[in-house]
Amino acid sequence: MTTTPTTSTPISKTSILTVPQPLAKLFSYFPLKTYPPLNPIKVPIINPLLWIHPPAPSVPGKESALSADIECLKWQAHIALRGLQDISVRWDISEEGALGGRLPNLQVPSELARDVDGELLAAHNIPTWIDEKVGELDDLEGFKDVESRDESHAWISLLEGDVHAALVRLLKKNQFPSTHFFITGFGLGVGSTPTFLFYHSVLQMPPSTTQRPIENILTPPPAPLSGFSSILPPYGARLLPSAIASRYRDAIAALSERLGQHEWFLGSSGPTALDAVAFAYFHVLLHAEDDLRIEIARRVNLVHWEHRVRERVRAAFVPYKNAQ
């Protein structure tokens, strides 16, 4: 039996679904155009770049690169007082864009990855970077003896306790109508909604992420609202404005007396982390619009000390060209 081969006829591949003519005509007015991709030009990171909260508003010609946020200002002072210079700062990045949602961050050139974007460091990694640049501190951390080093922790607690609580009370009372300094998520500074938190200083690394209300800032903590002899369980906190103000005045008086005529706190031969923290608070207090400022301004040694340290810290930073 002979089989005759047959040639298959190709089937036309046409869609049975077509666009209605009126709709096709409508689409013709909106042609789809494809543009080449945009490759942004990245500026290589050459110098260290510190991301901070914005500085306080200032008049033209007197702009400052010092952050209005106490936490950022502590780190700026710490970097400058360790002897580093030519640090760029930018404040056009919100804290949501920072590592862990927290400023400051430090962007440094990447020596290993050769990445033009460099490497981004969280705040608790900044001391390690500083040590790599200028060398590690000795066991005394820059203080003259062990007793002074241990005493410095007490003064840090005083600043971040009684002094910080007075600032929180002031800003809560004013509801931020006329001051440039207020509470952000991680300290005192420029922001929108106050959250009364307390964070560890540069002497207490790594930083804590635990949120603490204002009553936990004070040492000893205030009495509960229910009273100790009440049959009800203790609740709330009895925060007396007069008591907070009194403790603030005592703290400033003690700091002024302890500084005396020394160049640095506790008679150290050079700046320490305590000086960085003290400067951040004094700088904010001297720009407050309340009796808190007067309490600092009436002590000549604190005013002169803050002015001298401010010039040194300010000289270490230059605004980044894209910061707005």
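The values are calculated or read from the model by the stated rules, or taken from the named source; none is laboratory data. What you see is a predicted model, and the numbers here were worked out from it, not measured in a lab. Here the Cβ is made from the backbone with ideal geometry for all residues, glycine too, and neighbour counts use every protein chain on show. In case anyone asks, the SASA skips ligands and DNA or RNA and just uses the protein heavy atoms, side chains included. Shrake-Rupley method; radii C 1.70, N 1.55, O 1.52, S 1.80 Å.
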If you roll a 1.4 Å probe over the heavy atoms of the protein chains, what accessible area per residue do you get for region 282-323, in Å²? 51
Share of region 279-324's accessible area from carbon and sulfur, percent, 1.4 Å? 50
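Can you give the net charge of the other residues whose Cβ lies under 11 Å from the Cβ of Cys72, counting K and R as +1 and D and E as -1? Spell out each step's value before the answer.
Numbers: positive: Lys74, Arg102; negative: Asp69, Glu71, Glu95.
Surrounding charge for Cys72 is -1.
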Report the GluC sites (Glu not before Pro) located in region 289-324 that are in a DSSP loop and have at most 15 other Cβ atoms inside 10 Å of their Cβ, or state none. Glu289
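From the protein chains alone at 1.4 Å, what is the descending order of accessible area for Leu32, Leu99, largest first?
Details: Leu32 165, Leu99 75 Å².
Descending order: Leu32, Leu99.
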Pull up all non-local amide H partners of Val89: gap of 5 or more, or a different chain, and H-to-H distance under 5 Å with H placed in the peptide plane. Leu50, Val318, Tyr320
Cβ under 13 Å from Lys321's Cβ, Lys321 left aside: what net charge do those residues give with Lys, Arg +1 and Asp, Glu -1? 0
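On a 1.4 Å probe surface of the protein chains, which of Arg299, Arg314 comes out largest in accessible area, and what is the full order? Each step should come with its number before you reach the end.
Values: Arg299 40, Arg314 85 Å².
Sorted descending by solvent-accessible area, the residues read Arg314, Arg299.
Counting only heavy atoms of protein chains, what accessible area per residue, in Å², does region 14-159 have with a probe of 1.4 Å?
Values: 8980 Å² over 146 residues.
Averaged over the residues of region 14-159, the accessible area is 61 Å².
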Once phi for every residue in region 39-51 is put through the Karplus expression 6.51 cos²θ - 1.76 cosθ + 1.60 (θ = phi - 60°), the whole-Hz ³J(HN,Hα) values, with Gly and Pro written as x, are 9, x, 7, 8, 8, x, 7, 9, 9, x, 10, 9, 8
In Hz, Karplus ³J(HN,Hα) per residue of region 102-109 (6.51, -1.76, 1.60; θ = phi - 60°; x = Gly, Pro): 9, 9, x, 10, 10, 9, 10, x
